[in-house]
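Here the structure comes first, spelled out in structure tokens, and everything after it is commentary.
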Amino acid sequence: MSARSKRNQPVGDMFPGMPDLLGKQPPKAVEGEHVARTLDEAIARSSEILDDALSVYPVVGTYWLSSGGNDSAIVGHLLRDRYDAVLHVNTGTGIPETTQYVRDLAAAWGDTLHELHPKNSYRDLVLGKVIASTGPNAGKRAVWKGFPGPAGHKVMYRHLKDEPLMRFRKSVVGDQGRTRKIAYLGGMRWGETERRFRNAEAIDQDGAIVWVSPLVHWTDAHMREYRARHRCQQDHEHAQHRLCFDGALPLNEVTEHIHMSGECLCLAYGKPGEPDEIEFFYPHAAAPMRELEREAEAAGIKACRWGQKPPSEDNDAAPAGRLCSSCVAIPGQDDLIDQWRNSGLITPEQHAAFTREAS
């Protein structure tokens, strides 16, 4: 068992209705937060977290951030009557089926959907066409060139995800960020990765944005029990996204194939073989990246391979962005690959092979 699993996760699965808690108190948990809870108690605490956020920070809008992932779906399902609209950041690099899933779900639930797009495209970032607008290199140098590895993750996150969210925030509050705020509901949990364990907070106010993580205290066992309780498990031909009955928990079919939402394929923290896996299931999503590889190579860019760490690049130890749940570092990809092994997605032998290949 990995150090992360020993530190954070309980041992084994829990029976439905049993209380569960993380193996160690998260550094940013509020006093009294680290206690064993049944699923129903965890649900009640999620509502309290949102209540607390809205009482401390009166906001002009509450928005569910839907990535298309299964954890994100639980946030929306649990709090369907408590947000004003859905936000989906279409990075331009993702699998189209994931964006369509978000659109379908918003339509099925009668939600208003704001589909956000970055100002600067991934293609322009890779080809070095995005010139710095601030700092000592303003107007002189590209902010990045080549396919990103870990060191380029912050640049990609800032341009592809953070910038659209900040622009949306400004469209709502304008220049009144000191007095008007909005709430973003995300699916961050302490039990996801070591980075999330160290850094996630239930409520995190940053300027005009109040980041709220209603599931921050949920364990993997809570997540499994919630899915088993609300997702259609009948032996029949399922409705689209398993919305087989009113109140059903939806499923993005992309997650069944590649075990992530696929809403961003910058692959700054790509694991060995990940581009090939994506190409196998979704060749139409990989095709633009393969074409971009050829463009980058023709332009003489050294980092011209999608999902591979650029030559001579050191790993970036900075935390992943708020919305990047599966971005973890190579070598080892310890957080993600350990999760796969612990959840049964890969065998211990496959886990050992992944670890050897990455090291």
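The numbers here are math on the coordinates, done by the rules we state, and not lab data. Small disclaimer: the values here were computed from a predicted structure and weren't measured. Note that each Cβ is placed from the backbone with ideal geometry, even for glycine, and that neighbours are counted across all protein chains shown.
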Per-residue HN-Hα couplings for segment 57-74, Karplus 6.51 cos²θ - 1.76 cosθ + 1.60 at θ = phi - 60°, whole Hz, x for Gly and Pro? 10, x, 10, 9, x, 10, 10, 7, 8, 9, 7, x, x, 6, 5, 4, 4, 5
Using the Karplus curve 6.51 cos²θ - 1.76 cosθ + 1.60 with θ = phi - 60°, what ³J(HN,Hα) values do you get for each residue of segment 198-210, in whole Hz, with x for Gly and Pro? 7, 10, 5, 10, 5, 9, 9, 8, 9, x, 7, 10, 10
Each residue of segment 115-130 in order: what ³J(HN,Hα) in whole Hz does its phi give by Karplus 6.51 cos²θ - 1.76 cosθ + 1.60, θ = phi - 60°, with x for Gly and Pro? 8, 9, 10, x, 5, 10, 7, 4, 4, 5, 5, 5, 7, x, 8, 9
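Quick one: if the Förster radius is 35 Å, what FRET efficiency do Ala44 and Glu237 give, using the C-beta to C-beta distance and rounding to 0.05?
On the way: r = 35 Å, r/R0 = 1.01.
Efficiency, rounded to the nearest 0.05: 0.50.
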Return the distance in nm (one decimal) between the two label points of a simple spin-label model at His117 and Ala132, each offset 7 Å from Cα along Cα→Cβ. 2.9 nm
Length gained when the stretch Ser171-His284 is fully extended (0.36 nm per residue, less Cα-Cα span): 37.3 nm
In debye, nearest 20: dipole of segment 104-148 around its Cα centre with unit charges on the Cβ of K, R (+) and D, E (-)? 560 debye
Computed label-point distance, nm, for sites Arg229 and Val56 using a 7 Å Cα→Cβ extension: 2.6 nm
Return the aspartates and glutamates within reach of Lys140: Cα separation strictly under 18 angstrom, same-chain partners fewer than 8 residues apart disregarded; answer none if there are no such residues. Asp124
Of Gly174, Ala142, Phe197, whose Cα points farthest to the positive end of the dipole of segment 133-204 (charges on the beta-carbon: +1 Lys, Arg; -1 Asp, Glu; origin at the Cα centre)? Ala142
